[in-house]
Every structure is written in structure tokens, then in C-alpha cells.
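Data first, discussion second: the structure below is written as C-alpha cells.
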Amino acid sequence: LAKTTQPISMDSYEGQEVNITCSHNNIATNDYITWYQQFPSQGPRFIIQGYKTKVTNEVASLFIPADRKSSTLSLPRVSLSDTAVYYCLVGEWMDSSYKLIFGSGTRLLVRP
Amino acid sequence: SQTIHQWPATLVQPVGSPLSLECTVEGTSNPNLYWYRQAAGRGLQLLFYSVGIGQISSEVPQNLSASRPQDRQFILSSKKLLLSDSGFYLCAWRRQGPEAFFGQGTRLTVV
């Protein structure tokens, strides 16, 4: 599985757009990019996944450049409840033995 | 709908005592199952994963073992707990695609 690198922490204010970038220089052709969110004392929760270009759902957008060596999770107009740790994962999830390895994540703090 | 059950929610055990954490999944068949441990303020460390009954892959050499006696049952065990085994233990399942579903976790404190 490709290794990912994310900022350790980020600060923002309510109502702002937050962009968290993840580097995955060794991503393989069949790898997908997945993001999870984790609140304290809870298990991670799936946010979004993509392969290339842009993906948007009701929670976030995921931007992936053509070389796929990085990806950016975009959270529009964050609120205090978006304070959490965000993890970027890369892997061939179509494989039945996908190991689902988490990195250190980015700790996002949203301030009033 | 699918649900995952993990228990107990909290556990305090003395050093050297055994451990058994159980995780069960309902509403799906032949899931991939995972055990993670999370130390305070740290990321998730993959301990074991399983693609089928009796098939266990270990990611990190440690004082723990895992078993999958039934399709939707995943058990984490230890014969003798160490202080370093303290942490937040999470079970997860995945059927197809990238989305995994996590249990509520067990906070284990070894004293």
C-alpha cells in the first residue's frame, strides 16, 4: 500500500472552507484515495473516495490532480462539529485482502 | 441493515491477566474484518485482518492474537496483558469497496 503524508494539525474558524492535502507519491495505478473522519472515542467514519479529478458528495469534495500524487479534501463552511481527525488512505480496495492502513491523520480544530 | 457489535465498552485489567474482546457483524456475509489499536492521541494501528473463517493476517508482532471462528465473529485475545497493551481497540468490517464500518470500540486500561 502507498504511504501517505498529511499535515499533523490545522486550525480554522467557523464558516471557512478547509482544505487538507495528502501526499501519496507512490500511488499505484489501481489505487483509490479514501478519506475518513474520526471524533474522540469513536471509530473512523468514511467521508469520500475517488480515483481522479473531482468527486463531491453532501459532506465534502475531493480534488485529485492528473498525476494522482496528491489529493485535497475540501470541507465547505466548517462548523465546530467538524473538529476531528481526518485520515487519508490509499489502496486497491477492490482487492479482497485490502488492509485498510491508516496514517497519522490531520487534527482539525475549528474555532468559533 | 448491517450492524457491528463490539464489547465491552471499557475494561480495566491487571498486568498478566488474559484478554478476550469480541466483535460480531450482522446483516452481511463474508466480510473483511479488522482489529485496530489506538494509543491516546495517536493514529490507528492495524493489528489483524481477516478475509475469511480461520484466515488471520497479523500486521504487528505483539502480545496479542486474533481468531475468526465464525464468518461474522472476530476475537482479539491475549494470554498475559502488558501495560503497553492499554489503548482503544476498534473492530471494523468491510464488504466491498473502500468504506469500512467501525464498532464503538473498547477502552482497555491495564493496571
### Query
Gaussian network model of chain A, Cα springs within a sub-10 Å range: biggest mean-square fluctuation belongs to which of A:38, A:16, A:49?
A:16
#### Entry: Accessible area of the range A:35-112 belonging to carbon and sulfur atoms, whole % at 1.4 Å probe
54
### Residues with amide H under 5 Å from that of residue B:30, placed H, sequence gap 5 or more
none
### Task
Can you work out the PRE-style zone for residue B:51? Point 7 Å along Cα to Cβ, and I want the residues of the range A:14-39 with backbone N under 19 Å.
A:28-32
### Task
Tally up the carbon and sulfur contribution to the accessible surface of chain B as a whole percent, 1.4 Å probe, everything protein left in place.
51
### Query
If you keep only loop residues by DSSP, which GluC sites (Glu not before Pro) in the range A:1-93 have at most 12 other Cβ atoms within 10 Å of their Cβ?
A:17, A:58
### Task
Determine by what factor the alpha-carbon radius of gyration of chain A differs from 2.2 N^0.38 Å, reporting the quotient.
1.02
### Summary
For the range B:3-110, dividing by residue count, accessible area per residue (probe 1.4 Å) in Å² works out to 45
### Message
I want to verify a result. In a Gaussian network model of chain B, Cα cutoff 10 Å, which of these has the top mean-square fluctuation: B:94, B:37, B:72?
### Response
B:94
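The values are calculated or read from the model by the stated rules, or taken from the named source; none is laboratory data. In this text the structure is predicted, and so the values were computed from the model without any measurement. Glycine also receives a Cβ, built like all others from the backbone with ideal geometry; neighbour counts cover every protein chain displayed. Only protein heavy atoms, including side chains, enter the accessible area calculation; ligands, DNA and RNA are left aside. Shrake-Rupley method; radii C 1.70, N 1.55, O 1.52, S 1.80 Å.
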